[in-house]
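Peer 1: This structure is in structure tokens; I'll ask about it shortly.
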Amino acid sequence: MRILLVEDDKLLGDGIRTGLMQGGFAVDWAKDGREAELALAGEPYEAVVLDLGLPRLSGMDVLRRARGAKNPVPILILTARDTVGDRVAGLDAGADDYLVKPFDLAELRARLRALVRRARNQVEPVLSHGTLKLDPAGRSVTMEGTAVELSAREFAILHELLLNAGRVLSKAQLEQKLYGWGEEIESNAVEVFVHHLRRKLAPELIRTVRGVGYMIPKASA
Ligand code: CA
């Protein structure tokens, strides 16, 4: 899940980025409003964490322009304390949620998971496929009730394939969802992770669609 973080404060931004990566999110970090606007125009993000006080273009302007361009991405705004007016204006301008600084990173991660579920009309927080269950909050996977140990990237690939069950995801799409700015993509990484997932879970779970990509079929029940 790729998130756009928009925050000009270096220390805070670095902390949020690290906290989100620990939660399994790939993070692109834009440090001003214009950079955010460009990023939003160029990449499909799962959600945006948007500070309101930004150089070059304010967070409110980024928000208004994104909605003006019919971009439906879930947006969570970060506001200072005692700024009820900012929160009201932000929500009314199309933000989906807000957090008041200082906030807890665990709460930010949980709110992002909730926003993503809502955007996908996904009621159940735990994803399942037959006897396979993936819990995005607990970052755990079980098969027939038994815990399966996955690396962070293996988990992320399985998560994306389950979220998109029945749809083929290309290698490039998977890479786009897994790697944020500045993270080096090892060649063949996706193939290797899929190979590991098949070995750890079930050989037939992930299908290769030759020349196109990978998919997990929709669960029949
Ligand atoms: Ca700021």
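Peer 1: Looking for whichever is within 16 Å of the ligand (Cβ to nearest atom) and open to solvent by 20 Å² or more (accessible area, probe 1.4 Å) here; the options are R64, R87, R113, R117. Which one fits?
Peer 2: Residue meeting the stated conditions: R87.
Peer 1: Okay, moving on. Please list, ordered by first then second residue, the pairs with beta carbon atoms under 7 Å, 6 or more apart or interchain, first in the range 109-123 and assigned to a helix (DSSP H, G or I), second acidic (D, E).
Peer 2: Qualifying pairs under 7 Å: R111/D97; L115/D96; L115/D97; V116/E46.
Peer 1: Looking at the range 4-44, which of its residues are more than 16 Å from the ligand (Cβ to nearest atom), closer than 27 Å to F155 by Cα and surrounded by fewer than 22 Cβ atoms within 10 Å (Cβ to Cβ)?
Peer 2: T18, G19, M21, Q22, G23, G24, A26, A39, G42, E43, P44 - these are the residues of the range 4-44 that are more than 16 Å from the ligand (Cβ to nearest atom), closer than 27 Å to F155 by Cα and surrounded by fewer than 22 Cβ atoms within 10 Å (Cβ to Cβ).
Peer 1: What strands (runs of 3 or more DSSP E) completely inside the range 130-221 contain at least 1 residues that are open to solvent by less than 40 Å² (accessible area, probe 1.4 Å) and touching a His at 6+ places or on another chain (Cβ under 8 Å)?
Peer 2: Here the list reads 132-135.
Peer 1: Looking at the range 106-125, can you tell me whether even one residue there is closer than 20 Å to G24 by Cα and in contact with a helix residue (DSSP H, G or I) (Cβ under 6 Å, 6 or more places away or on another chain)?
Peer 2: No, the range 106-125 has no match at all.
Peer 1: Write out, first by first residue and then by second, each pair whose Cβ atoms fall under 9 Å of each other, whose residues are 6+ apart or on separate chains, and whose first residue, in the range 42-69, is in a helix (DSSP H, G or I) while the second is basic (K, R).
Peer 2: Within 9 Å, the pairs are V62/R34.
Peer 1: Those residues that are assigned to a strand (DSSP E or B) and over 17 Å from the mean Cα position of the chain (by Cα), I need them from the range 79-102; list them, please.
Peer 2: T79, L99, V100
The values are calculated or read from the model by the stated rules, or taken from the named source; none is laboratory data. Since we're looking at a predicted model, the values are computed, not measured. In this analysis, Cβ positions are derived from the backbone assuming ideal geometry, glycine residues included, and neighbour counts consider all displayed protein chains. Calculation scope for accessible area: heavy atoms of the full protein, side chains included, ligands and nucleic acids excluded. Shrake-Rupley method; radii C 1.70, N 1.55, O 1.52, S 1.80 Å.
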